[in-house]
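Worksheet for the structure shown next.
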Amino acid sequence: MGNFKKSQSLDVNLKPIIFILFLLLLTIFSLIAPADHDIWWHLKTGEYIIQTHSIPHQDIFSYTAESVWTPYSWLAEIIYYLGVSFLGFNFLIFLRAALLIATFGITAFVLYRWKYNFVLTIILSLLFSFLALSLWGDGPYLFSAFFLTIFFLTLLQWERTKSKIIWILPPLTLLWVNIHINFAYGLALVIYFAVFDFLSIVFGKITAKKKLNWADIRNSLPLFVVTVISILATFLNPFGLRIYREVFHMANLPISYAVVEEFASPDFHLFYGKVFLAITILAVIILALSPKKPDLRSMLIFIFILVLSLYSGRNIIFLSVLWLLIVTESASGLAEELSKKTRRANTQQIKNNLLARSLSIRHIVIINFFAWLAVVFLIILLAYKILTTGVLREYENEKIFPVQAVEYLCKHPEIKGNMFNDYSWGGYIIYKTYPERKVFIDNRNQLYEKSIFEKFAGVVLLTKDWEALDEEYSFDYVIINKEYPLEEFLNHSPKWRLIYEDKIASIFVKK
Amino acid sequence: MRNLEKIFSFDFIIFLLLLVLISAFSLNPVRDPDIWYHLKIGEYIVANHEIPKYDPFSYTSPHKPWLVYSWLFEIGTYISYKNLGWLGILLMKLFILQLAFWFLFLTLRKQTSNLLLAVIVTVFAVLSSVLAFTPRPWIFSFAFTSLTIYILEDYRNGNSSKLKWLPLIAVFWVNIHILFPIIFILISFVLVEKIVQLYLSNKHNKIKEIYPLALAGVGTVIGFFINPYTWRIFPLFITISQEKWVYQNVSEMQSPNFHEPFILLFGVFILVSILSLICIPKKLKIYEILIFCFFAFLSLDRTRNIPLFAISMSPLVIVGMNHLFSRINSLVHNRNYISTNTNKQAFKIIPLNILLIILLIATFFWILVPGQKRYNYPYFKDLPMAATNFLLSKKPTGNLFNDFDSGGFLIFNLYPQYKVFIDGRTTVHGEKVLNEYYYIYSLEPNWQELLEKYEIKTILTSPKSALGQTLRITPGWHLIYEDNISVIYRRM
């Protein structure tokens, strides 16, 4: 039939184009992501490691942190530092883009190979990448999102074909544990699959009233072995067992949720929250209507990552990669059912529609033309964005970071002693002024005691006694965001003198 | 004997259980900052026999037309307060909440033969909603939503006799709380479901089946116009939903914080609702999907809407749990490990029922009638009572600047001698004044210019606030009053 031939031709001509368009859109999306406050201390840590050939075990950047420091992202920090040293800050932009494209591009490709509905795969990949993008900053957690995708794809492929690809998981775990603390998610996923497999076998035997024997387990043996090796691989890091202390410590940082937006529950009034809500509703509708429901294992993953994301908005990135795989399968099932119903209804119509058959070739040509035109247009747009300053944006954004104020401090070494600084500027100040200066606080949430966060959050809003904190730490100078009430208070205080101010920052010294 | 069974029945026991549970969470000290201006508005309307057209209580928005959309609630609250004091307000709250969750239970009872499950889900809905158990107009929205769902579920099961009450509910709702459009939205959802069902089953000739519902919908819309402002109430609904300052600064208007214990219950409710929606075998889930989308959006947008989600999704949760139990039973070779039918024989033992009832009634009165200090008075510890008395005695002239949270209390105690800068009536003040309040309170760069702009001579604030601490060292202001709760500064 003419129209069926048409769809085959489209199949041959358009899918690569659509895929290219998809990758181009991803690239353009990723070049507009927001700046990350953490990147600065990551860079400085990488610099320290390269220069001293050692990984610090005690904090070197602040004078208030008392606990042992575990720079678990040491490998990522080396990558960042070397990349920025050779290629400038553009390296970070391209790394971010590369990770986004790799994460969602590989997923889309694999889903296509698994013969899910191609158009739906692309649309959902775009939607979920857009969701991830709203939180896609610069930190090593981007590596975690990428690795989590690979882990989930690998495990699902294993379930389908018992493929040997599963043996890549232990070396990837080894890499991941030295890059970011969220290796725990990957490991948990592997253990989950293994346990689920085992319980399924056992439960199957119980309900069938048969004994468990070696042959039943043999098929899943590679998975069990990979799990054990992966667990052992996590100990191959500079901190050994201590890495797990950090995992539990990070999971139980109550103050982070109150102070750090990304650790708090999602704010559904902000852009990323609205996107998250819309996609959650879409996902639920697809799963509700589709005849192809996720199996119990996938359903539990679906629910569990939603729980984590509602608890801490930072997990939405991981939700986007996991849900893409689960939802696409159901969406394909739904599309298949709808197209069966439509095809049944239209078959007679198609057989008689000679006019439609003769138009199909022209349609193919027109659609191809416009598709390639779109590709060329997006390439031009991308090149334009890359070449203009809008994309190669200054990392040292003066609207976000106290660029001029820190420069002032660098030019005035006589301003010394104990600094009180804004939490979100701590990383930038470390990058610019270490080793000459040490900060009061910065974004390394796992490092500081809860009391330091509480004191900081309290004094800048003047809900806690500034004088008492000053007495405790004997501050010599303050670099503070003008948004905080503390700034105005210091302006009127007889004990402090304003020596510098610009649009976002003020510096005070003690009289 | 049958009459005894009716009186000391399972239903009555559950009714009392709900009463005890709701009492435990709602008969607590009144800490809501807004109750004060609600009382004052009620007093104003009763005394003047008219609803104010312009705001008489603040000097920052004197000429702006004011739509007092909760006027009926304010009259009711004031009359309760006038006759029974704070106990009157607490009893009113208890009555409305009991109504809301009792009708929820009745709805759930019809969805399942497992009565224990119906009780559990109802209790869970109560626990998810406790943060909103304050004497505010929104508790009426909970009750009206519950009633509407009860009537609509009846209709979906084939009984349209109760639809005639919907327009009446709409009339009360539009004069009590701004969330009145919910009733029309719920009716629309059921209407959409019915139309699609008829269309897909090719039963176009049975379109007359939806006439009663359509008529109820029309009656509801007509009912919306029966308010002092007629059509002008509708734009207000849209304005309120877009107030940026409110959701940035008012905690109940913010997205839920899933680190708080009661909000975690809401989180569980969301998850169970999602699972139920995905797993129930019904093919066409239009109504269920629409309900979920709408109330999920409302409740994740604003914490105060969580009870609406709990009430609206409970019927779906019940169906989902029923389905889950059936699946579990069939998985283990059709053995009924989980009972889907409550054995009601136990509840026919009259002496046991009487014992339970006595216990519940006793518990209720133990909660309701303790020492007056515990429940009957607002939480004066946090209120600027002494500072207010100081102002009334010393009468400093000129405009007064106050904190947002104390605005209602100051209106109640100081009007007409003083007008406030700000209070909880955000629709009256608008974004501009709210932002200006924030700039002054948070010491933004232009805060002193704003004090000049409004010719503010006196400032009443908390000694722990940034403003309270900074004024202490700001030239041109001197401290004229101080206690643990308030400080008052006077411009020199």
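Each reported figure results from applying straightforward, stated rules to the coordinates on display, with no laboratory input. All figures in this text were calculated on a predicted structure; none of them were measured in a lab. For neighbour counting, all protein chains shown are included, and Cβ atoms are generated from backbone atoms with ideal geometry for every residue, glycine included.
What to note about this one:
- Amide H contacts of A:Y500 (H built 1.01 Å from N, under 5 Å, at least 5 apart or other chain): A:I507
- Under 11 Å, Cβ to Cβ, from A:T70 - net charge with Lys/Arg +1 and Asp/Glu -1: +1
- Rounded FRET efficiency, nearest 0.05, which uses the C-beta distance separating A:I123 from A:D216 and R0 of 51 Å: 0.80
- Percent of alpha-carbon pairs separated by more than 30 Å within chain B: 54
- Gyration tensor over alpha-carbon atoms, the range B:176-307, equivalent ellipsoid semi-axes in Å: 30, 25, 9
- For the range B:383-491, the extents of the C-alpha atoms along the principal axes are 33, 32, 23 Å, listed from largest to smallest.
- Legend: calculated FRET efficiency, B:L236 to A:Q58, from the Cβ-Cβ distance at R0 = 45 Å, rounded to 0.05, equals 0.15.
- Note: relative contact order over the range A:89-340, using C-alpha pairs below 8 Å and six or more positions apart, is 26 percent.
- Amide H to amide H, with H built 1.01 Å from N, B:D55 comes under 5 Å of B:K64, B:W66, counting only residues 5 or more places away or on other chains.
- Inter-part distance where the range B:110-124 and the range B:262-282 are each reduced to a Cα centre, Å: 15
- Between the range A:158-182 and the range B:295-320, the alpha-carbon centres lie 40 Å apart.
- Between B:A362 and B:I185, the contour length at 0.36 nm per residue exceeds the Cα-Cα span by 59.6 nm.
- Only helical runs count toward this figure. For the protein assembly as shown, summing -39,500 (n - 2.57) over DSSP H runs of n ≥ 4 and dividing by all residues gives -21000 deg cm²/dmol at 222 nm.
- Counting other Cβ atoms within 10 Å as a rough exposure proxy, the listed residues B:M321, B:M385, B:M92, B:M313 run B:M385, B:M92, B:M321, B:M313 from fewest neighbours to most.
- Whichever lysines have a C-alpha closer than 18 Å to that of A:K15, once near sequence neighbours (fewer than 8 apart) are set aside: A:K5, A:K6, A:K115
- The range B:42-184 - Debye-derived log10 I(q)/I(0), Cα point model, q = 0.08, 0.09, 0.12, 0.21 Å⁻¹: -0.29, -0.36, -0.60, -1.30
- Cα-based equivalent ellipsoid, the range A:89-340: semi-axes from gyration tensor eigenvalues, Å: 28, 25, 18
- The range A:163-264: equivalent-ellipsoid semi-axes (sqrt of 5 x gyration tensor eigenvalues, Cα, Å): 33, 18, 11
- Using the Stokes-Einstein relation with a Kirkwood hydrodynamic radius computed over Cα pairs, the translational diffusion coefficient of chain A at 4 °C and a viscosity of 1.567 mPa s comes to 50 µm²/s.
- Distance violations [Cα-Cα > 19 Å] among A:K455/B:K381; B:K82/B:K381; A:K210/A:K293; B:K381/B:K464: A:K455/B:K381; B:K82/B:K381; A:K210/A:K293
- Residues B:Y37, B:Y199, A:Y484, A:Y423, arranged from fewest to most other Cβ atoms within 10 angstrom of their Cβ, appear as B:Y199, A:Y484, A:Y423, B:Y37.
- With all pairs of separate Cα atoms included, the protein assembly as shown yields a Kirkwood hydrodynamic radius of 32.7 Å.
- Rounded to the nearest 20 debye, the dipole magnitude of the range A:200-254 is 360 debye, with +1 charges on Lys and Arg beta carbons, -1 on Asp and Glu beta carbons, and the Cα centre as origin.
- Spherically averaged projected area of the range A:403-510 from its Cα convex hull (nm²): 6.3
- Annotation: average projected area of the range B:1-122 is 11.1 square nanometres, based on the convex hull of Cα atoms across all directions.
- Charge-dipole axis of the range B:151-296 as Lys and Arg at +1 and Asp and Glu at -1 on Cβ define it, positive-most pick from B:F172, B:Y247, B:P261: B:F172
- Based on C-alpha pairs under 8 angstrom that are at least 6 apart in sequence, chain A has a relative contact order of 20 percent.
- At q = 0.14 Å⁻¹, base-10 log of I(q)/I(0) for the range B:62-107 (Debye sum, equal scatterers on each alpha carbon): -0.50
- From most to least packed by mean Cβ count within 10 Å, the peptides A:191-197, B:96-102 give B:96-102, A:191-197.
- Given +1 at the Cβ of Lys and Arg, -1 at the Cβ of Asp and Glu and no other charges, the dipole of the protein assembly as shown around its Cα centre is 4560 debye to the nearest 20.
- B:A386-B:I222 FRET efficiency (beta carbon distance; Förster radius 60 Å; 0.05 resolution): 0.75
- Each residue of the range B:237-249 is assigned a 3J(HN,Hα), and the resulting list reads 4, 6, 4, 4, 6, 10, 6, 6, 4, 4, 6, 7, 10 Hz, derived from the Karplus form 6.51 cos²θ - 1.76 cosθ + 1.60 (θ = phi - 60°), x at Gly and Pro.
- Each residue of the range A:154-168 was assigned a 3J(HN,Hα) from its phi angle through the Karplus expression (A = 6.51, B = -1.76, C = 1.60, θ = phi - 60°), giving 4, 5, 5, 5, 4, 5, 6, 10, 6, 6, 6, 4, 4, 6, 7 Hz with x at Gly and Pro.
- Normalised by residue count, the range A:36-153 yields a Cα convex hull volume of 124 Å³ per residue.
- The value of relative contact order for chain B, using C-alpha pairs under 8 Å at least six residues apart, is 20 percent.
- Spin-label model, B:K457 to B:S330: label points 7 Å out along the Cα-to-beta-carbon direction sit 8.0 nm apart.
- Within the range A:413-456, backbone nitrogen closer than 14 Å to the virtual label 7 Å beyond the Cα of A:R245 toward Cβ: A:447-448
- Spin-label model distance (nm) - A:I106 vs B:R156, 7 Å beyond Cα toward Cβ: 4.4
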